[in-house]
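Nothing in this text is a laboratory measurement; each read-out follows from the coordinates by a stated rule. Note that the structure is a prediction, hence the values are computed from the model and not measured. Note: ideal-geometry Cβ built from the backbone for every residue, glycine included; neighbour counts use all protein chains shown.
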Amino acid sequence: MHFFRGRLLLVIGFLSLLTCQGCRECDPISVPDSTVILSVLDRRTGSAADIDFTHIYGINGTFVGDSIKEVGSSSYPLPLNTNDNRVSFVFETTGFTDTLHLKYNEVVEINGPDCGVYEAFSGLKALTGTELQDEVTEIKFGRNDLFDSLSIVSDGTERDTLNASINLYVNLCSSDMTPNRELAVFFYDQGGIPVATVFESIYNINNQARPIISAADGSVASVALPLNATSPTTFVFKESDTQSDTLIVTYNNSTIISDDQAGCIFTKGVGGLKLVDRTGANVDNRVDFPDATLNKSLFDSAAIFRNIVNSDNSIPNVNIFFK
């Protein structure tokens, strides 16, 4: 089919040249491109949304595009697959991976004897549904998605990097909101049964004089521990002068997260949680607590359960298992 179309373009183009008496200079802006411009916008303000994408790339069968670069303020040129009438694009951030599916029509148009023929793309639609069977111009995404909604504002393509064909909206949290920075830690026995215990103190190693938890707080089955402004943070769990453990947590402050309670997007949330073992040499999702010469460990092990810090402290970030 594509071979036949290519031959047709060649023949029509040749005939156009033969009929050209005094050829005018063609305006390249008027010739449609095989690229659509997508803008990422703040849902509340309509302004450009500052989202730090790690990668944006196209996929469709064997078609894999290079990572797509920003061409304007939160605007991205999405190359259409000229071998098909469908293409999908993957949007990756530090906290999300979302996929956008598009469909379009491809036709051959004649631009007069002076300017020949070209392929045009129109009828741009987004595809949704479990089998991508629904062709739509508007989409409302789910609460836990990076994008809030989509609107196709132009169903054709132009050699124009200023005007978007697709607007993707993000529900950014307002500037007076700040992401949660409290690490949710839950305690269990080795069988995974929740355990409540009394600690003499739990404190940030940089501020022992002001414990986060003390014996006066009674038995606790979980705690919310404030993280340092910059990674890492070391917490000490002390039951007595001879029995204590330290938990060292590393993280970043640049993870994109959807706030549990507000449902809006923070672009500078706490994520990438990892644990550091006692030697400081190993960073992983799990650490063990061997006994030391002068100190008997309280805990057997700790493991990351949720690697982003969010506003719902009923979901643990770290599960700690007693011996």
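At-a-glance table
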{"item": "At 0.890 mPa s and 25 °C, Stokes diffusion of the stretch 182-322 via Kirkwood alpha-carbon radius, µm² per second", "result": "158"}
{"item": "Farthest positive-ward along the stretch 182-322 dipole, Cα basis, beta-carbon charges - from F321, Q261, Y251", "result": "Y251"}
{"item": "Dipole magnitude of the stretch 182-322 about its Cα centre (Cβ charges: Lys, Arg +1; Asp, Glu -1), debye to nearest 20", "result": "340"}
{"item": "Potential lengthening between D189 and Q243 on full extension [0.36 nm per residue; Cα-Cα distance subtracted]", "result": "17.7 nm"}
